1. Express the relative contact order of region 171-218 as a whole percentage, based on alpha carbon pairs under 8 Å and six or more residues apart in sequence.
2. Give the ranking of R180, R9, R147 by solvent-accessible surface, highest area first, calculated with a 1.4 Å probe.
3. Which whole number in µm²/s is D for the chain by Stokes-Einstein, with the Kirkwood Rh taken over Cα pairs at 4 °C and 1.567 mPa s?
4. Where does each of T247, T63, T227, T118 land when they are ordered by accessible area, with a 1.4 Å probe and the largest first?
5. Could you tell me the number of lysine pairs in the chain with C-alpha atoms less than 15 Å from each other, where the two lysines are 8 or more residues apart or belong to different chains?
6. Would you mind calculating the gained length between S168 and V60 on full extension (0.36 nm times residue separation, minus the Cα-Cα distance), in nm to one decimal?
7. Given region 162-233, report the % of alpha carbon pairs whose separation exceeds 21 Å.
8. How high is the relative contact order of the chain? Use alpha-carbon pairs under 8 Å, at least six apart in sequence, and give a whole percent.
Amino acid sequence: MKVFHGIDRLPAFRHPAATVGSFDGVHGGHSELLAAVRRFARERDGESIVVTFSPHPRIVLETQTDLRLLTTLDEKVWLLERAGIDNLVVIPFTREFSRTGSADFIRRDLIGKLGVETLVMGYNHHFGHNKEGDYGSLRSSERPTLRLYRIEPFSVGGEKVSSTVVRSLVEHAEMARAARMLGHPYLLMADVARGSLRIDDPYKLLPPAGEYPVTADGVPARLFIPTEGAPHLDRPFTKEKSIIEFTAL
């Protein structure tokens, strides 16, 4: 997967199909979007694109001061690459960018700079200044060059999947239910020095203090999350950017 930071110096993508969002957690609902984007890209022998934002818009706009994220940017890149996406475009999210209207974002950025031909949206996705744009407004506008598709809500066991729901599960140490919602184990990407974890993103969500079964780069281990201080493993690891996955019991 190719990763681009910014939208001003992009190559010419081949018949691109795209989706836009924060994709925090890259959960089961996101997987439905990603599968559709890959499918529509293949139909035209094109490329799949995910457009995301960093930092998270709620952090920049301070609409949720206690927000903790399911995935850091590095973790999101790892999960999206594993999902088979061809290109990731990371837009630096600033207060200035937040004032971009939905029509300008579609015309100037998605169509003008990325050349998007097919746009896949979640059932409740909003975009643009004050979340003024949505599927309905796009359907009613004249965008003859843009094919538009909407993905319906995704549920697990009758419960609608969302990043908010998964955050609550992790906050309450319900790691097995979180994994079912995510479609993969909850993970940490961290530098590991003699067992201690260094997580660069201060917004990364950790479960409550306790002892958790995990795998570290595929090796079974125990992760200890103290009330104070850095999390650490029960054995020494020295690899940088280890993938630590919570074992769903």
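The values are calculated or read from the model by the stated rules, or taken from the named source; none is laboratory data. Worth saying up front: this structure is predicted, and the values here are computed from it rather than measured. Glycine gets a Cβ as well: all are built from the backbone with ideal geometry, and neighbour counts include every protein chain shown. Only protein heavy atoms, including side chains, enter the accessible area calculation; ligands, DNA and RNA are left aside. Shrake-Rupley method; radii C 1.70, N 1.55, O 1.52, S 1.80 Å.
1. On the way: 24 pairs, mean separation 17.1, N = 48.
Once normalised by length, the contact order is 36 percent.
2. Result of the area sort, largest leading: R9, R180, R147.
3. On the way: Rh = 19.1 Å.
After rounding, the answer is 68 µm²/s.
4. Highest to lowest solvent-accessible surface, that is T227, T63, T247, T118.
5. Lysine pair count for the chain: 4.
6. So the chain would gain 36.7 nm between S168 and V60.
7. 23
8. Values: 468 pairs, mean separation 49.3, N = 249.
RCO, the chain: 20 percent.
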